[in-house]
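Structure first, commentary second.
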Amino acid sequence: MASDEGEMGGGPGKHHIQDAVASDEGEMGGGPGLPAGDPTLRRRIEPWEFEAFFDPRELRKEACLLYEIKWGTSHKIWRNSGKNTTKHVEVNFIEKFASERHLRSSISCSVIWFMSWSPCWECCRAIREFLRQQPSVTLVIYVARLYHHMDQQNRQGLRDLVSSGVIIQIMRAPEHDHCWRNFVNYPPGKDVHWPRYLPLWMELYALELHCIILKKYTFRRK
């Protein structure tokens, strides 16, 4: 996983986050470019990495996870990123979180993942177990692409996540913009310039995710 400095899918529908949320180091979306001494730089990925990982047209094998964590009623957000190692990024996050964070049930924790690929069925199972052990944690997942979505185990894994209370949605334009501003080491004057993909790719993935999740509710009515 990436360095230790660094917040929060469900059914189909809109659950877009709002941009320009301050982090605990004072990071803000936008601006005339990132100063060389910006403490968030070591957590940011390069523009070419963002394009390679999160372009829904690309089928890059390596996965990337951008995440945000918010504690209790605080408005501060802790941001970081991670990539596959010998383990999937989801497992890396869970192990890192569990080893470093000792949550009290009275303090809520909201986690958002922005993932280049949706979780496989094994990672879905690990996520469910993590949330079972950490009942104060809520998780929202945005994905750029669906991982081997014709595999029935992967499809069931996503449905099981939804049953566990996880919100899963496809990344749309607002999420790409948010990630560009808050996770990418964009050059000066390029704070509002982010890779723009044809909406068709996002819509196709969103439709497929809708069909996967809808099957869960279809089975429930029978």
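Placing +1 at every Lys and Arg Cβ and -1 at every Asp and Glu Cβ, with all other atoms neutral, what dipole size does region 36-185 have around its Cα centre, in debye to the nearest 20?
Value, rounded to 20: 360 debye.
Over region 60-201, with every protein chain in place, what whole percent of the accessible area is carbon and sulfur at 1.4 Å, could you tell me?
54
Compute log10 of I(q)/I(0) for region 69-212 with the Debye formula, placing one identical point scatterer on every Cα and leaving out solvent, at q = 0.10, 0.11, 0.21 Å⁻¹, to two decimals.
-0.37, -0.45, -1.43
Take every Cα-Cα distance within region 69-119, group them into 10 Å bins from 0 onward, and report for each bin the whole-number percent of pairs it holds.
Each 10 Å bin holds this share of Cα pairs: 20, 53, 25, 3.
Just the Cα atoms of region 44-145: what Rg and Dmax do they give in Å?
13.9, 42
The values are calculated or read from the model by the stated rules, or taken from the named source; none is laboratory data. Just so it is clear, the structure is predicted and the values come from calculations on it, not from any experiment. In this analysis, Cβ positions are derived from the backbone assuming ideal geometry, glycine residues included, and neighbour counts consider all displayed protein chains. All accessible areas refer to the heavy atoms of the entire protein, side chains included, with ligands and DNA or RNA removed. Shrake-Rupley method; radii C 1.70, N 1.55, O 1.52, S 1.80 Å.
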